[in-house]
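Below is one structure; the comments refer to it alone.
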């Protein structure tokens, strides 16, 4: 059984993932799609941090009680993931701006990104 | 039609994911499981990797913040890659916005309050950013948030100097030098110790500012790099006014 | 313990509601601000999960810088979704 | 001979890429030469590494001074060494085709170096999260490279790539989180040792997350919708580079996933299914394309499907086939993509261009003695020995489809007014074609390493 605190956390993670994927699948506006991707990223980050949670644990910073630290590794991974998410988002915005400059619109073709 | 389909799919994803998270994948306590094996020597240990980090950080790296020790020392190569991702994105963004950057739009003169407030606040913001990344091995924070705070200072500069923006060339030089020094710190590890990014400086006194070997050096390099890169990204996205 | 769980449920609302609003609204600027709000709430959630490093990074980079670059991108393209 | 640490293959190009803006400030014209020299240095390093691996077996390198899995481990196995040489040798050759171009972008060269370094990083790392980070560098660099032409198609292709790439990386992260949640480790070998202790569902879920996520870069079925658009929008040299570097690194990651990381029976079945689907859909879609780059892109998808089928058969012969197919695909596709600039006919009336392009087509379709032929041959031998006639029929059918659209492609090149490529592009495709001929004439030099790679992978090694 998972710790009580993690139930809302997992719900947040699953909700952000599905809201984000819904946005990516259903929207044609490029900025909207980028926003949705950001939500997916946040959802995954919440999931990873939750993987390291220890009931009653403390932050892994010197306080003399090693046995109560939460798992520090997922936090290190999420630091990386957050920075990567922002990098990708900035580049995506640049691409959207370039597209706008060429076409005068931010809307993709009718099929959106799901065209094969 | 498409929207309805997307909604159905995403609700299905929500149900599957929350079912999986809430029942299937209860994360186990790292203190109770996850005994690892050294894959090269085959030696077995009866504790988990994070437990090793938690217990040995003090002796191995001299940092009080375990997350920092992992980010900069134990998994330092990941962080070099992470810095490179940001660098790659900033480069790609500058490449794509090259022709778009010059533009002529009506210049809105910033109001007096903003101008004079920025003069007062800016040095403190830079100071806070520097504090965050210099103390990365002692307190929460480190090179990435510290760099982001400095970039926030740059944002204020962009807001005030509406016409000329940031000194692009200087930012680019800072960014390059910071990146080079990060890789060089790593390569020196190959020279003075045995391995890339290995610590070769004395660990110093635990919880003091001048401690933890190469961690503060690397975080300073990261702070400069992240600050100049994020500043450059915002500068490029805003564009330069040309009369 | 119960208190943290309660806070986490409140944060769940504070994250999910702006997220839904951000995806559904036609105004891209308010969508970006809503996402910034959701990211900030997520940062508090990280704090509740005992991850202060992640919380600081999420607040500074995830919420702050992202919002800034979004606003610039919107200013140089268009504000309303068709 | 001094055994150089493999980390130099990644650290040096990163260092020189960070240095490139300063070089560009001194003299913009120097940057191309500088980049070429860096890439050639990397190629030499990779050849030294290859020799070392072939002589002494798998090379391990710890980083940061901690033994794995506490620190990050680099592990160069046989397949990794083959692909590192492939990527690092072909990358300067493809870069050669930029010389003589009027536009002189420092940033483009930086992205090129970074993507080369990170593709190499994927094939020599032994750590799951480290591989994810290199995936991201590769992907972000490729997004920029694809859009570098700055046309509407380029931006559109790049945007699709970004969207699917980000979803893919979210999937990879979820896979990593699931594995970490149970095993508390990120090292490939440590995971492989203890993967049996994970519950069945969690194991399968993490496998699906990872294969879907990595499949974006490897152009495998569910999330490869970006491929035709990105290749169409990218310049011919970028398309050529993408089929050399990132896609090979992606398929290597899949090989590591299904052999080393999560070697479960249902995983092999699933990837076989994905491979067949990718092959058939890709080739059939290629048949109805009018645009040459789009056609080549769909053909790439088909080839990747073929490689995935070979990987998921789990036998020595099939793995040798996979190595030959990877090498053949990288060489032939890079030739064809460079030759696809303004491909509206007349290109093949210049014998210096027609020769390499023709050889490339022969290798892709599977004519002896080129690597493409050897790959398909070994694959057929393996399939015949296990009596999988349906798959053989499918592969023969898709080979015929390939023959049809490639002959249409060649005919189109023969008609119309005479066109030509730049001198450096011609030089580049001639070098690529001579490598293709060399491998075709002396397949044993690839066969022996390929057998070693196959044995190592089947034994659960890198």
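A compact table of results
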{"quantity": "Estimated D of the protein assembly as shown in µm² per second, where Rh is the Kirkwood radius over Cα pairs and Stokes-Einstein applies at 37 °C, 0.692 mPa s", "calculated": "120 µm²/s"}
{"quantity": "Whole-number percent relative contact order across chain C, with pairs defined as alpha carbons under 8 Å at least 6 apart", "calculated": "31 percent"}
{"quantity": "Projected area averaged over orientations for the range B:65-241, convex hull of C-alpha atoms, nm²", "calculated": "10.7 nm²"}
{"quantity": "Other protein chain Cβ atoms within 10 Å, averaged over every residue that makes up D:189-199", "calculated": "3"}
{"quantity": "At R0 = 25 Å, FRET efficiency that the Cβ-Cβ distance of residue D:397 and residue D:441 yields, to 0.05", "calculated": "0.25"}
{"quantity": "Virtual spin-label span in nm between residue B:119 and residue B:205, 7 Å along Cα→Cβ", "calculated": "4.2 nm"}
{"quantity": "Ranked list, fewest to most other Cβ atoms within 10 Å of each Cβ, for D:163, C:15, D:89", "calculated": "D:89, D:163, C:15"}
{"quantity": "Label-point gap, in nm, between residue B:109 and residue B:35 - each point 7 angstrom along Cα→Cβ", "calculated": "7.6 nm"}
{"quantity": "Distance cut-off 38 Å, percentage of C-alpha pairs in chain D lying past it", "calculated": "16 percent"}
{"quantity": "nm² value of the averaged projected area, convex hull over the Cα atoms of the range A:31-116", "calculated": "7.6 nm²"}
{"quantity": "Nitroxide proxy distance, nm - points 7 Å out along Cα→Cβ at residue C:3 and residue B:217", "calculated": "4.4 nm"}
{"quantity": "Förster radius 35 Å - calculated FRET efficiency between residue D:152 and residue D:30 (Cβ-Cβ, nearest 0.05)", "calculated": "0.60"}
{"quantity": "Residue D:367/residue D:268 FRET efficiency (R0 22 Å; Cβ-Cβ; nearest 0.05)", "calculated": "0.15"}
{"quantity": "Mean separation of Cα contacts under 8 Å, 6 or more apart, over the residue count of chain B: relative contact order %", "calculated": "25 percent"}
{"quantity": "Proxy reagent accessibility, fewest Cβ within 10 Å first, across C:33, B:150, B:233", "calculated": "C:33, B:150, B:233"}
{"quantity": "Ranked by how many other beta carbons lie within 10 Å on average, peptides A:93-106, B:61-74, D:362-375 from highest", "calculated": "B:61-74, D:362-375, A:93-106"}
{"quantity": "Relative exposure of B:118, D:244, judged by other C-beta atoms within 10 Å (fewest first)", "calculated": "B:118, D:244"}
{"quantity": "Other protein chain Cβ atoms within 10 Å, averaged over every residue that makes up B:145-153", "calculated": "5"}
{"quantity": "Ratio Rg/Rh [Cα only; Rh per Kirkwood] for the range D:18-145", "calculated": "1.02"}
{"quantity": "Stokes-Einstein D for chain C, Kirkwood Rh over Cα pairs, 20 °C, 1.002 mPa s (µm²/s)", "calculated": "161 µm²/s"}
{"quantity": "Relative packing of peptides A:12-20, B:223-231 - highest average C-beta neighbours within 10 Å first", "calculated": "B:223-231, A:12-20"}
{"quantity": "Cα-based equivalent ellipsoid, the range B:165-238: semi-axes from gyration tensor eigenvalues, Å", "calculated": "30, 15, 7"}
{"quantity": "Rg(Cα)/(2.2 N^0.38 Å) for the range D:275-452, N = residue count", "calculated": "1.02"}
{"quantity": "Among B:99, B:168, B:43, residue whose mean-square fluctuation peaks in a GNM of chain B (springs only between Cα atoms under 10 Å)", "calculated": "B:43"}
{"quantity": "Computed [θ] at 222 nm, helices only, for the protein assembly as shown once each DSSP H run of length n ≥ 4 contributes -39500 (n - 2.57)", "calculated": "-23500 deg cm²/dmol"}
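Laboratory data are not the source of any read-out in this text; all were calculated from the coordinates shown. From a predicted model like this one, the values you see are computed outputs, not experimental measurements. Quick reminder, even Gly has a Cβ in these numbers, built from the backbone with ideal geometry, and neighbours come from all protein chains shown.
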